[in-house]
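What follows is a single structure, written as structure tokens, with notes after it.
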Amino acid sequence: MDLQSAKIEIIRMVLETDNPGILETIRKIFRKEESPDFWLSLSREEQDEILVGFKEIEQGELTDYEELLKKHR
């Protein structure tokens, strides 16, 4: 199915439905698509810190949550 056919099929389904839940879900999908990417709203420093954290996780450099709490109580 080409893109134009897919669009027409979706429009047909939207017009035929009486389910407000489906319509709200479609509305949310389009609103989310219009929202700016969270990652782009971060500063370069914040992005770098997150990337460092991902690398630490990949390398197994983890701290158990309960152990962390014990140290700081």
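Laboratory data are not the source of any read-out in this text; all were calculated from the coordinates shown. Fair warning: this is a prediction, and the values are worked out from it, not measured in the lab. Every residue, glycine among them, receives a Cβ derived from its backbone with ideal geometry; neighbour counts consider all protein chains shown.
Worth a mention:
- Net charge of Cβ neighbours under 13 Å - reference Pro20; Lys, Arg +1; Asp, Glu -1: 0
- Rounded D (µm²/s) - the chain, Kirkwood Rh over Cα pairs, Stokes-Einstein at 20 °C, 1.002 mPa s: 125
- Chain lengthening between Glu24 and Gln4 when straightened (0.36 nm per residue, less Cα-Cα): 4.9 nm
- Net charge of Cβ neighbours under 15 Å - reference Leu62; Lys, Arg +1; Asp, Glu -1: -4
- Dipole in debye (nearest 20) - the chain, about Cα centre, beta carbon charges: Lys, Arg +1; Asp, Glu -1: 300
- Most positive-pole-ward Cα, Ile22, Gln4, Leu51, against dipole of the chain from beta carbon charges: Ile22
- Only helices enter this figure: runs of n ≥ 4 DSSP H residues, each worth -39500 (n - 2.57), summed and divided by the residues of the chain, yield -23000 deg cm²/dmol at 222 nm to the nearest 500.
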